Every structure is written in structure tokens, then in C-alpha cells.
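This report refers to the structure that appears directly beneath it.
The numbers here are math on the coordinates, done by the rules we state, and not lab data. For clarity, every value in this text was computed on a predicted model and none was experimentally measured. Here the Cβ is made from the backbone with ideal geometry for all residues, glycine too, and neighbour counts use every protein chain on show.
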Amino acid sequence: MDIQKSIEAYQPYNEQEERDKAVMLSLLAAQPDLFSRENQVAHMTASSWLLNRTHDKVLMIYHNIYRSWSWTGGHADGDRDLLSVAKREAMEETGVSDIRAVSEDIFSLEILTVDGHEKKGVYVPSHLHLNVTYLLEADEEEVLRVKPDENSGVRWFALEEALAACTEPWMIERIYRKLNEKLGGSRKIEAGKGERQ
């Protein structure tokens, strides 16, 4: 399914997602270049909440620009298959090679603000990331490695520890806490399915 149709079909979890979804769809309808960084005001990105097989830990990177433990993710750069983008970015940023989608459905939506910063010696103006998040999983035993031009640490955290490790209050309260809450709801649904079988 085309990503725009996937976003249209997505059922928002809370007010933040409902409002961000409306803005995303409005921008997608008006600006065809949102999948490229050439649009310096806003562009599409994909992130992942990358879990271990037992879904009680999340793999985080220490992001050099944000100076915080952070989820994995990156720019679409012309690719409209944002699940593929999320997987590719997770592999590149952590060194893990065997990553699978828990579900191919969108796990969450959010518009993220990015302050102006230097990247590879070039100033990047403040802008928005129109972000689609997917729930992925990987083997906790795989060897981890940093991507020095982007991060300086890669490590597994228990779900609540991930919130404590992050130093960005908005990301903790609005995004990571939400992802953990939604994960709890997903577990209840899975348990209910098991009881009915």
C-alpha cells in the first residue's frame, strides 16, 4: 500500500497523533517533494522501536547531534517504502543485520522538530521531520557497532530504562512513553488471541 494511503488508514492513538496525522496529510497533498531533503522546511522520515525477541528491551543509539540516547531512524531520501527505510536505518546505525518487522503496519506517527545544526561541516536549518514509526525486532545476541558519523553508542535498554537514558524531555513524554504504552496494549491483544485459540 502507498505510504500516503497507509497514513490515511492509520487510526491515531491519541490527540498528538490525530493532529500530526492531519498536518502530514495536508502537507503530502500540497508538497510532492516531501520525500527529499531538498524540501528544507519538512521532509518524511522513518524510525523504529527496535525490540529484542522477547519484547522487553529496546535497542537505542547515542545520537551525536541530539546528544541523547535515541531510537533508530532516518530520512526517506526519495524512498516511499518507509518500512524499508526504517529497517535500513536500524541496520546502518546499530550493525545488526537480522531485523524483521513485528508488523508491516504503521506503529505510530509524529511530527518532530529539528533545531538547526552542523552536519559534515554544513549548516542545516531548523525543520520538521514528518515521521512514521514501525515496530521492529532483532536478536539481542548480534554484535553491535556504532556508525561514527551519526552515533557514538549502541546498546539494549529495558523499556523503562530507555526513557531514563534519554535526555530530551519531549521525546520521553510524548514519543517513547507512548511507544511503550502502545507496546503494552499490543501484548494484551496478543495474549487475548492466545486465550481464544
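Could you sort out which of Lys21/Lys119; Lys87/Lys178; Lys147/Lys182 sit more than 23 Å apart by Cα distance in this structure?
Lys21/Lys119; Lys147/Lys182
Let me know the volume per residue of the alpha-carbon convex hull for region 21-126, in Å³.
Enclosed volume per residue, from the Cα hull, is 118 Å³.
When a/c is below 1.5 the answer is rounded, else prolate if a/b is larger than b/c, else oblate, so apply that to region 107-155 with a ≥ b ≥ c taken from the square roots of the Cα gyration tensor eigenvalues.
oblate
In whole angstrom, note down how far apart the Cα centers of region 41-84 and region 86-161 are.
Rounded to whole Å, the Cα centres lie 2 Å apart.
Name the residue, out of Gly116, Gly153, Gly74, whose mean-square fluctuation peaks in a Gaussian network model built on the chain with Cα pairs under 10 Å.
Top of the fluctuation ranking is Gly116.
Which of Trp170, Trp49, Trp71, Trp156 comes first, and how do the rest follow, when ranked by fewest Cβ neighbours within 10 Å?
The fewest-first ordering by Cβ neighbours comes to Trp170, Trp156, Trp71, Trp49.
Connecting C-alpha atoms closer than 10 Å in a GNM of the chain, tell me which of Leu112, Leu51, Leu82 has the biggest fluctuation.
Comparing Leu112, Leu51, Leu82 in the GNM, the peak value goes to Leu112.
Starting with the fewest neighbours, write out Glu137, Glu8, Glu93, Glu150 ranked by other beta-carbon atoms found within 10 Å of each beta-carbon. All intermediate terms of the calculation are to be shown ahead of the outcome.
Numbers: Glu137 20, Glu8 13, Glu93 26, Glu150 17.
Listed from fewest to most nearby Cβ atoms, that is Glu8, Glu150, Glu137, Glu93.
Please state the charge dipole magnitude for region 3-196, taken about the Cα centre, from unit charges on C-beta atoms (+1 on K and R, -1 on D and E), reported in debye and rounded to the nearest 20.
Here the size comes out at about 160 debye.
Computed from the mean reciprocal separation of all distinct C-alpha pairs, what Kirkwood hydrodynamic radius does the chain have, in Å?
On the way: mean 1/r = 0.0581 Å⁻¹.
With all distinct Cα pairs of the chain included, I get 17.2 Å.
Which whole-Hz couplings ³J(HN,Hα) result when phi for each residue of region 139-148 is put into the Karplus expression 6.51 cos²θ - 1.76 cosθ + 1.60, θ = phi - 60°, listed in order with x for Gly and Pro?
7, 5, 7, 5, 5, 9, 8, 7, 10, x
Within 10 Å of each residue's Cβ, count the other Cβ atoms and sort His129, His55 from fewest upward.
Lowest count first: His55, His129.
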